[in-house]
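Scroll down for the structure; my scribbles are underneath it.
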Amino acid sequence: MTKYDVIIIGAGPGGIFSAYELMKLNPNLKVGVFESGYPLEKRHCPIDGKKIKSCIKCKTCAIMNGFGGAGAFSDGKYNITNDFGGTLYEYIGKEEALELMKYVDQINVSHGGENTRLYSTAGSEFKKLCMQNKLNLLEASVRHLGTDINYVVLEKLYDEMKDHVDFHFHTPVRKIELMGKGAAVPEPEKEGAEGDPSANQNKSGQGFRVIYDEGQAECDQCIVSVGRSGSKWMETICKELNIPTKSNRVDIGVRVELPAVIFSHLTDALYESKITYRTEKFEDAVRTFCMNPNGIVVNENTNGIVTVNGHSFEDPEKKTDNTNFALLVSKHFSEPFKDSNDYGESIAKLSNMLGGGVIVQRFGDLERGRRSNPTRIAECTVRPTLSATPGDLSLVLPKRILDGIIEMIYALDKIAPGTANDDTLLYGVEVKFYNMEVKLDKNLMSNYPGLYIIGDGSGVTHSLSHASASGVYVARQIAGAM
Ligand SMILES: Cc1cc2nc3c(=O)[nH]c(=O)nc-3n(C[C@H](O)[C@H](O)[C@H](O)COP(=O)(O)OP(=O)(O)OC[C@H]3O[C@@H](n4cnc5c(N)ncnc54)[C@H](O)[C@@H]3O)c2cc1C
């Protein structure tokens, strides 16, 4: 049985930045990181575009799991803002949240990101242009590392930590148990109960036992940072330990791919523009998400369901002629329906059922009510960067969501003419799953003293910068208290 001062579950940005900050602040602490995926250099997605063209649903997804987490092969866009990417500021305050994001940025810059650019919407002329067309450009600074430099930063962080922190790869944690006399799971909170989670606190504070396939380890403090891929496991843990949660949101939509020149005036100045739109028909909120200038569209496998995402690279040789971004419609559910993620999964499953994975459709075909077929895609002036099955997204997406996406494409066409061209490609579906929100106090601590839940797995964050900042935040709490 190994005994640690701190155990971190998950080596995504949340877990990495917790470990890094603990090592910096208190090098004497014995820290163990348990990660279900592989070390960075062993993470290889088998899709090569030749022998294996689409997702074969590996047991451990190399894109989502392993050192670097879901962010390892991401575009590495670190948005420094409280406007999107999570609600960390609701727990720790806006100023501190921004400061932590800037601190994370400094670490990235000093670990390989020194030649990357920090873009900003501040004072941009596009704000006005958007407003004039019923669109809203959100405020942010964004450090674009790019997939390649993001990888270098992760390599350097790992090299600096590997002799101070015990990394256990390919070790999914199955269970967390309370230790010590009097350790007892408290009564479940009444549904919808509000207030300070510490009111429902287990007072034992005597540490935790972490169970994995080959054994177990003990610790005084435990940081859980399991991200989106660990969302189902997180739900189980919360049920077992009676940690209150709530869940009511999922974002569903498509990934748009078009010639890079159509968006170049925006992407050259801002790199990523987060634009929101309120539909005229239903007053639903639609937004752009994860813009990848000169990038590629990729598959994403979440719990065996194949959805779509996008990347781009800093390396000029890897740049394509296309830009891609998601258009997402937020769905909030109210009682009695609770499982918003299941709703999103069911829609994604429908596209997987019809297309064997992701479906691609020309915007012109969607507007004319016909499926895209291989011939129409082959004749398309936009060359698809992902091999997806030509099909009909109107058979997959609910009408209200599809109407919202079509409305926003026409709204974007006014600030970036050409967006609504017939040959614009739409890949579906893109789903942004939100983990259920775990009830936490202002220290991001659950109702168990010493059990912290951070990053995307907590439902508090949905981005690299917020997840990383939450890791630094709890590490400082722990280091300060030990
Ligand atoms: C393709 C892609 C592109 C993206 N691009 C961007 C972007 O440009 N900018 C941005 O801000 N965000 C982006 N994101 C989102 C971003 O990656 C996440 O918000 C971020 O990684 C969350 O960090 P995290 O540490 O909370 O979780 P994760 O990065 O998901 O890491 C969690 C880790 O925990 C491990 N784990 C899960 N369960 C267990 C268990 N039971 N035991 C042990 N380990 C476990 C997982 O294997 C994983 O490695 C992207 C995501 C994807 C998939």
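Read-outs throughout are calculated quantities, based only on the coordinates presented, and are distinct from any laboratory measurement. Here the structure is a predicted model, which means the values were calculated and not measured. Ideal geometry is used to build each Cβ from the backbone, glycine not excepted, and the neighbour counts take in all protein chains shown.
In whole percents, the pair-distance distribution calculated for the stretch 344-388 from its alpha-carbon pairs, binned every 5 Å from zero, is 5, 20, 26, 25, 17, 6, 1. First check a/c for the stretch 38-83, with a ≥ b ≥ c the square roots of the eigenvalues of its C-alpha gyration tensor; if it is under 1.5, answer rounded, and if not, answer prolate when a/b is larger than b/c or oblate otherwise. Prolate is the answer for the stretch 38-83, as a/c is 1.5 or above and a/b outweighs b/c. Measuring nothing but alpha carbons in the stretch 197-321 and taking Rh as the Kirkwood radius, the Rg to Rh ratio lands at 1.11.
As a footprinting exposure proxy, order Ser330, Ser110 by other Cβ within 10 Å, with the fewest listed first. Don't skip to the end; give the middle numbers.
Values: Ser330 19, Ser110 11.
Result, fewest neighbours first: Ser110, Ser330.
Rounded to the nearest 10 degrees, the inclination of helix 146-161 to the longest alpha-carbon principal axis of the chain is 10 degrees. Ranking of Met1, Met179 by neighbouring Cβ atoms within 10 Å, starting from the fewest: Met1, Met179.
Once each part is reduced to its C-alpha centroid, what is the distance from the stretch 318-378 to the stretch 1-75 in angstrom? About 28 Å separates the Cα centre of the stretch 318-378 from the one of the stretch 1-75. The lysines within cross-link reach of Lys50, meaning a Cα-to-Cα straight distance under 18 Å and a gap of 8 or more places when in the same chain, are Lys318.
Here the contact order of the stretch 410-482, divided by its residue count and restricted to Cα pairs under 8 Å and six or more residues apart, works out to 20 percent.
With the convex hull of the Cα atoms taken as the outline of the stretch 265-389, the averaged projected area works out to 10.1 nm². Can you give the angle from 0 to 90° between the axis of helix 340-355 and the longest principal axis of the chain, with both taken from C-alpha atoms, to the nearest 10? Value to nearest ten degrees: 50.
Please report the equivalent ellipsoid semi-axes of the stretch 403-454, computed as sqrt(5 x eigenvalue) of the Cα gyration tensor, largest first, in whole Å.
On the way: eigenvalues 376, 29, 15 Å².
One finds semi-axes of 43, 12, 9 Å for the stretch 403-454.
For each pair in Lys349/Lys399; Lys59/Lys156; Lys338/Lys432, compute the distance between the two Cα atoms and list the pairs where it is over 20 Å. Too far apart for the 20 Å limit: Lys59/Lys156.
Using the Karplus relation 6.51 cos²θ - 1.76 cosθ + 1.60 with θ = phi - 60°, the per-residue 3J(HN,Hα) values for the stretch 265-270 come to 4, 7, 6, 5, 8, 10 Hz, with x marking Gly and Pro.
For the stretch 46-157, would you read off the P(r) tail past 18 Å as a percentage of all alpha carbon pairs? Cα-Cα pairs of the stretch 46-157 separated by over 18 Å account for 63 percent.
Computing FRET efficiency as 1/(1 + (r/R0)^6) for Lys162 and Glu96, where r is the C-beta to C-beta distance and R0 is 25 Å, gives about 0.25. Taking only the C-alpha atoms of the chain, Rg followed by Dmax gives 22.1, 70 Å.
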